[in-house]
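Heads up: the structure comes next, in structure tokens.
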Amino acid sequence: MPSSSESASVVIVGPASWNTIVVLDRLPEPVPHMQFAESTWETVGGTSAGKALSLTALGRTVRLHATAGTDREGARVREALRAAAVQVDWQDGVTERHLNLMTREGARVSLYLATPGESTGVHDLSMQEQMTGADVVVLDLAAEPLRLLPLARSTGTPIWVDVHDYDGSADYHRPFLDAAEAVFCNADRLDDPVAFLRSRIAAGARLAVCTLGADGAVAVDEDGTVHRVPAESVEVVDTNGAGDAFLAGVLDARLDGAGIPDALRAGARSAASVLRTRHLHPLLDAVLGSVPDPVLGSARDPEGE
């Protein structure tokens, strides 16, 4: 891992959270009723943490910039990522927390219980130096990455963004899209994913990719060529983090000089690796079973139940 004075290949700015996962036989209807959970556990969450874990596992040097508090949940997030060998520069603040209602098929409703705001910018000079020395900057959807967009653009380092379930029109995502050399999304709210990807290439992006769940992914390159890759065959345990792992696999392969088809296949393999675990990445499987609870002072049940 890079020391404080070394450059990382990829700088990532965005959420690392503490999540409670609840698996249901179906997502709740919007009426008063009672349901029984099939399973529940606690784990590290956050789209930026997921990308950092996958890139670290692939051997890529990464520096993650995230916010967490000094409460129990914040201590758990910090210690879990440290134990997984992810290099993180922490900003003190509110610990992001989610309650994710899931089905075995991968449907999800994410309830944001606490969300940090932007920082004061006291470390912006160091951040600028790190971004300048990186091969790629990844900015995820959150207040701090949004604040840092102009700074990231000023460095000239390629910016990759993940707009998740973007609907093609929401204003919040626009600054991220406008800054991006590579755009990633999923097809949950897009009527025509390929048309959207083509629109991003026309707007100046060099690569645009949409994940399609069990149907794999589709991409459009800077020449307008459409590429498709099937999903890897795998027994799915949990879908959280699969899109982050896919982006990480594509990014790692591209930085190694792979063409788009090979990079997409690398992304599919990376995504498959996290579908087999109920944590963001297999790196956390042993970590979250052995890290002492910072409040209770004893190891937590690795099953989380």
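Go through the stretch 224-245 and report how many residues are of a type in the set (Asp, Glu), part of a loop (DSSP other than H, G, I, E, B) and more than 14 Å from Ala107 (Cβ to Cβ). Full working, then the answer.
Within the stretch 224-245, the subset of a type in the set (Asp, Glu) is 232, 235, 238, 244.
Filter once more, so that each one left must be part of a loop (DSSP other than H, G, I, E, B): 232, 235, 238.
Next, only the ones that are more than 14 Å from Ala107 (Cβ to Cβ) stay: 232, 235.
Of the residues in that region, 2 qualify.
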Quiz item: Before we move on, is Asp301 open to solvent by less than 10 Å² (accessible area, probe 1.4 Å), modelled with pLDDT under 95, over 14 Å from the mean Cα position of the chain (by Cα) and not aliphatic (A, V, I, L, M)?
Solution: no
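State yes or no: is Glu29 acidic (Asp, Glu) and assigned to a loop (DSSP other than H, G, I, E, B)? Before the answer, list the steps.
Numbers: acidic (Asp, Glu): yes; assigned to a loop (DSSP other than H, G, I, E, B): yes.
So Glu29 passes the test.
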Self-check item: strands (runs of 3 or more DSSP E) fully within the stretch 38-114 counting 2 or more residues that are more than 16 Å from Val11 (Cβ to Cβ) and in contact (Cβ under 8 Å) with a residue 60 or more places away in the chain
Solution: 39-45, 96-103, 108-114
Quiz item: In the stretch 167-214, which residue that is out of contact with any strand residue (DSSP E or B) (no Cβ under 7 Å at 6 or more places or on another chain) and of a type in the set (D, E, K, R) is least open to solvent (accessible area, probe 1.4 Å)?
Solution: Asp167
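Quick check: is even one residue across the stretch 151-164 hydroxyl-bearing (Ser, Thr, Tyr), more than 16 Å from Pro261 (Cα to Cα), free of Cβ contacts under 8 Å to residues at least 12 places away in the same chain and open to solvent by 60 Å² or more (accessible area, probe 1.4 Å)?
Keep residues of the stretch 151-164 that are hydroxyl-bearing (Ser, Thr, Tyr), which gives 154-155, 157.
Keeping just the survivors that are more than 16 Å from Pro261 (Cα to Cα) gives 154-155, 157.
Now narrow it down to the ones that are free of Cβ contacts under 8 Å to residues at least 12 places away in the same chain: none.
No - not one qualifying residue is present in the stretch 151-164.
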Quiz item: Can you tell me how many residues in the stretch 128-147 are in contact (Cβ under 8 Å) with a residue 40 or more places away in the chain, touching a helix residue (DSSP H, G or I) at 6+ places or on another chain (Cβ under 7 Å) and either of a type in the set (Gly, Ala, Ser) or assigned to a helix (DSSP H, G or I) (or both)?
Solution: 1
Exercise. Could you tell me which residue of the stretch 170-214 is farthest from Leu146 (Cα to Cα), considering only residues that are modelled with pLDDT under 95 and assigned to a helix (DSSP H, G or I)?
Key: Ala214
Quiz item: Considering the stretch 76-91 alone, what residues qualify as being open to solvent by 30 Å² or more (accessible area, probe 1.4 Å) and either under 25 Å from Gly133 (Cβ atoms) or not acidic (Asp, Glu) (or both)?
Solution: Arg78, Arg82, Ala83, Ala85, Gln87, Asp89, Trp90, Gln91
Quiz item: So Met102 clears everything in (1) at pLDDT 95 or above; (2) surrounded by 14 or more Cβ atoms within 10 Å (Cβ to Cβ) except one condition, right? Which one?
Solution: (1)
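The values are calculated or read from the model by the stated rules, or taken from the named source; none is laboratory data. Since the model is a prediction, treat every value here as computed from it, not as a measurement. Positions of Cβ are generated from backbone atoms using ideal geometry, with glycine treated the same way; all protein chains shown enter the neighbour counts. The protein model used for the area step is the full one, side chains on, heavy atoms only, and it has no ligands, DNA or RNA in it. Shrake-Rupley method; radii C 1.70, N 1.55, O 1.52, S 1.80 Å.
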